[in-house]
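Inspection log for the structure reproduced underneath, given as structure tokens.
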Amino acid sequence: MSQPLLSSQEPTAAPHGLVVIGTSAGGVAALSTLVARLPAEFPFPIVVVLHVGVQPSILPEILSARGSLPAVHASNEERMMAGRIYVARPDCHLIVEDGHLQLSKGPKEHFTRPAIDPLFRSAALAYGPAAIGVILTGTMEDGTAGLQAIKQCGGIAIVQDPADAQAPGMPRSALKYVEVDHCGPIESIADALVGYAASPPATRTPASASRSDLVHEQELFLAEGDPMEHLPAIASPSGFVCPDCQGGLWRLHGNAPIRFRCHTGHAYTLKTLQAAFAETSDSALWSALRALQEQVLLLEMTIGQLRREKDAAEVSRVESLLDALRKEVHNLRSLIERHSTAS
């Protein structure tokens, strides 16, 4: 399907606010319900990250068909317009800067690209009290730190009620670690957005904490400046290794949930790091099993050759090695299956 055409008319002034939405499992249905209730004259752009990985997405077509606001996949350097929905492209981070959209193939956060936290951080830094962040259904904890950033800069935090979410993990995490302004079923969020969009951002007070930590994080993500100046300013070495790049992970200071970053910009919470380690260790175990199975095949070929050469003594020795190796294969396979079940 082709994307819907947007009006070529440029706004007379940059929109004075922004809505950013993050979601994962169950997000298509939740977004469809939400946009169907938004008015055509909604005054802010809406920027959406749905965890889609690398597979093709027709989310803009779906959202355009469900509501009165046109939706498109975001384009690099595109100027945002009020009353438009911009959706992150597959395998691309999406951030906002100076009223424009920026696409990035930068480091994954929480083992995913696009990720929610980079978008929310950029919205917090660019729009301050005029940013509204929304966390909908999804698993794990992506979006929690980003929503914290929005609150830190004086913005509004909205979270779908976990009881209303197909996957309650992301909403639960946000509610646990962020002082939200609205939590309710998906049908209530549209009304909340309309209400907050109508309130003057100047009446919202940013948190007293410095924004320098957010600047360091975002510049690290964007590969701007020296990473070994950014990291010591916001984190300490953890002793863990990044599952993505095998660089050292640093634990960010004073964060709840506990978060980690490496010098190339990959980021995790304690929970998403555990999930990443489980995935990488599973791959490593299967690789080890493959290597043992290949040794079995080679020993079997060796025995065949020795039998043709009538070397009975050597056949007996290699058969003993083969028996022991087959037991190792069996034991490792059992370990992998138990490991997979436990994960």
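The values are calculated or read from the model by the stated rules, or taken from the named source; none is laboratory data. Because the structure is predicted, anything quoted here is derived from the model rather than measured. Cβ: placed from backbone, ideal geometry, glycine included. Neighbour counts: every protein chain shown. What goes into the accessible areas is simple: the full protein's heavy atoms, side chains included, and nothing from ligands, DNA or RNA. Shrake-Rupley method; radii C 1.70, N 1.55, O 1.52, S 1.80 Å.
Coupling constants for segment 277-286 follow from the phi torsions by the Karplus curve (6.51 cos²θ - 1.76 cosθ + 1.60, θ = phi - 60°), and in residue order they are 4, 4, 5, 5, 5, 4, 5, 5, 5, 5 Hz; glycine and proline get x. Comparing Pro129, Pro257, Pro107 in a Gaussian network model of the chain, where Cα atoms under 10 Å apart are tied by springs, the biggest mean-square fluctuation is seen for Pro257. For segment 184-309, the relative contact order is 13 percent, taking Cα pairs closer than 8 Å that sit 6 or more residues apart in sequence and dividing their mean separation by the residue count.
When DSSP beta bridges are restricted to pairs lying wholly in the chain, around 40% turn out antiparallel. Relative to its Kirkwood radius, the Cα radius of gyration of segment 70-135 gives an Rg/Rh of 0.94.
The share of accessible area on the chain that comes from carbon and sulfur is 54 percent, using a 1.4 angstrom probe. When the surface is traced with a 1.4 Å probe over the full set of protein chains, Met228 keeps roughly 90 Å² accessible. Rounded to the nearest 20 debye, the dipole magnitude of the chain is 480 debye, with +1 charges on Lys and Arg beta carbons, -1 on Asp and Glu beta carbons, and the Cα centre as origin.
Among Gln246, Gln305, Gln293, the residue with the largest mean-square fluctuation in a Gaussian network model of the chain, with springs joining Cα atoms closer than 10 Å, is Gln305. Shape index of segment 247-343: Rg/Rh, with Rg the Cα radius of gyration and Rh the Kirkwood radius from the inverse mean 1/r over Cα pairs, equals 1.29.
Qualifying GluC sites (Glu not before Pro) in segment 57-100, where qualification requires a DSSP coil assignment and no more than 11 other C-beta atoms within 10 Å, comprise Glu77.
Label-to-label distance, Ser75 versus Thr302, with points set 7 angstrom from Cα along the beta-carbon direction: 6.3 nm. With both residues required to sit in segment 11-118, DSSP beta bridges show an antiparallel share near 40%. Nearest 10 degrees is fine. How inclined is helix 212-221 to the longest principal axis of the chain, computing both from alpha carbons? On a 0 to 90 degree scale, this one is about 50.
Taking every Cα-Cα distance in segment 139-263 and sorting them into 5 Å bins starting at zero, the pair-distance distribution P(r) comes out as 2, 10, 16, 19, 18, 14, 11, 7, 3, 0 percent. Annotation for Phe277 and Phe240: the two label points, set 7 Å from Cα along the Cα-Cβ direction, are 0.6 nm apart. The heavy atoms of Thr139 present about 70 square angstrom of accessible area, all protein chains included, probe 1.4 Å.
The C-alpha atoms of segment 107-162 occupy a region whose extents along the principal axes are 29, 29, 13 Å, arranged from largest to smallest. Note on Asp181: accessible area approximately 60 square angstrom, rounded to 10, probe 1.4 Å, nucleic acids and ligands left out. Rounded to the nearest 20, the size of the Cβ-charge dipole of segment 64-134 about its Cα centre is 200 debye, with Lys and Arg at +1 and Asp and Glu at -1. Within the listed set Ala197, Ala223, Ala115, the residue fluctuating most in the Gaussian network model of the chain (springs between alpha-carbon atoms under 10 angstrom) is Ala223. Which values of log₁₀ I(q)/I(0), to two decimal places, follow from the Debye formula for the chain at q = 0.10, 0.14 Å⁻¹ with a uniform point scatterer at every Cα? Each listed q corresponds, in turn, to -0.63, -1.06.
Here's how it looks for Ile156: its modeled amide H is under 5 Å from those of Ala131, Ile132, Gly133, which are all 5 or more places away or on a different chain.
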